[in-house]
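Novice: Attaching a single structure in structure tokens format; questions to follow.
Quick note: the coordinates plus some simple rules give every number you see, no bench work behind them. Worth saying up front: this structure is predicted, and the values here are computed from it rather than measured. Cβ placement follows ideal geometry from the backbone for every residue including glycine, while neighbour counts extend to all protein chains displayed.
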Amino acid sequence: MIVVGFEDLLSAISVVPLILKYSPVALEMLDSTVVRHREENSNINLQFQNEETGCLLFIEFAGDKLAGVEQGFDSCSSKLSDKCTIIESAADELSLIRMWGARKNALNRAMKLTVGSRKPIGLIEDTVVPPDILYDHTQQLLQMYSENKLDYVIYGHAGDGNLHTRPLIEVGSQAETQLMDHLAIQLFQRVIKAGGTITGEHGDGLARVKYIESVYGPEIYSLFGEIKKLFDPRSIMNVGKKVIQVRN
């Protein structure tokens with residue numbers, strides 16, 4: 001496993017296509033917006049952090065043949081050595097558990113984060129785009145946050161083009177709730193146009209149901225309603241999920 005530190009998020013995202021050429025089995029990202037809250041969990045106090053590290057990439061290689069794994073590992077490390085602020089590797093079980101623990105606990109730390117009465121809201125938390133346009137997508141996302149003066153957290157499955165991000169919103173403010181909806185529409189339209197999805201992992205749930213038809217189109221969306229009527233004709237199960245209402 002390789003852990004690579006970069007000055008900022010965009011610097012880390014820019015090398016994702018390069019890393020994918022070496023066929024890692026995992027490529028995860030942990031941004032400073034999560035790392036800086038390391039007091040929430042001691043697992044984040046990792047030996048490879050330093051004052052220049054703004055974003056971390058976790059890269060893992062595996063395979064049936066050790067020689068092939070080592071070749072990919074060494075080649076990838078060599079290509080990244082002059083593009084990052086720090087690079088560390090590990091193969092022992094204890095180090096791997098510790099490293100992955102930092103990444104896996106990211107959501108817990110993000111959920112606990114509050115700034116005054118603002119909390120991380122998950123409406124746009126699960127977008128996916130093709131990895132080769134992930135840089136542009138991330139750049140647009142950060143610009144959106146900057147223009148609206150929003151704090152945020154961001155981490156995710158960089159190798160899959162899947163970013164988990166939550167802006168910090170004043171949940172009791174109608175204006176900020178409306179802003180969140182506006183941002184969601186703006187972001188989701190770009191993601192759909194790019195051939196991505198607005199819910200790559202966490203599911204549609206209730207929060208994103210009104211955007212689902214835009215993802216699948218009216219024909220497929222109507223089939224969701226037909227299936228709902230077949231298995232739940234009285235519409236009593238998971239009301240309002242996947243389809244806003246059953247169309248007669």
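Novice: Given 10 °C and 1.306 mPa s, how large is the Stokes-Einstein diffusion coefficient of the chain in µm²/s, with Rh as the Kirkwood radius over Cα pairs? Walk me through the numbers before you get to the answer.
Specialist: Values: Rh = 19.6 Å.
So the translational diffusion coefficient is about 81 µm²/s.
Novice: Now, a different point. Taking H as built 1.01 Å from N, whose amide H comes closer than 5 Å to the amide H of E7, not counting residues under 5 places away?
Specialist: Hits under the 5 Å cutoff: G54, T85.
Novice: Please give the contour-minus-distance gain from H202 to S222: 0.36 nm per residue of separation, less the Cα-Cα distance, rounded to one decimal in nm.
Specialist: So the extension gain works out to 5.0 nm.
Novice: Sticking with this one: If r is the Cβ-Cβ distance from S89 to E147 and R0 is 35 Å, what FRET efficiency results, to the nearest 0.05? Spell out each step's value before the answer.
Specialist: Values: r = 39 Å, r/R0 = 1.11.
So the FRET efficiency works out to roughly 0.35.
Novice: Taking a cut-off of 17 Å between Cα atoms, list the lysines near K228, but don't count ones fewer than 8 places away on the same chain.
Specialist: Partners found: K210, K241, K242.
Novice: Tell me the mean residue ellipticity at 222 nm calculated for the chain from its helices only (DSSP H runs of n ≥ 4, each -39500 (n - 2.57), averaged over every residue, nearest 500).
Specialist: Only helices count here, giving -12500 deg cm²/dmol.
Novice: Now for a different question. So what are the radius of gyration and Dmax for the Cα set of the range 119-230, in Å?
Specialist: Looking at the range 119-230, its Cα Rg and Dmax stand at 14.5, 46 Å.
Novice: Okay, moving on. Roughly how many debye, to the nearest 20, is the charge dipole of the chain about its Cα centre, given +1 on each Lys and Arg Cβ, -1 on each Asp and Glu Cβ, and no other charges?
Specialist: Computed charge dipole of the chain: roughly 1000 debye.
Novice: Could I ask something else about it? Hey, with R₀ at 30 Å, roughly what FRET efficiency would K241 and Q186 work out to, going by the Cβ-Cβ distance, to 0.05?
Specialist: My answer for the efficiency is 0.80.
Novice: Within 10 Å, at most 14 other Cβ atoms, and a DSSP state outside H, G, I, E, B define an exposed site. Report the longest part of the chain free of exposed trypsin sites (Lys or Arg not before Pro).
Specialist: Free of exposed loop sites, the longest segment is 150-233.
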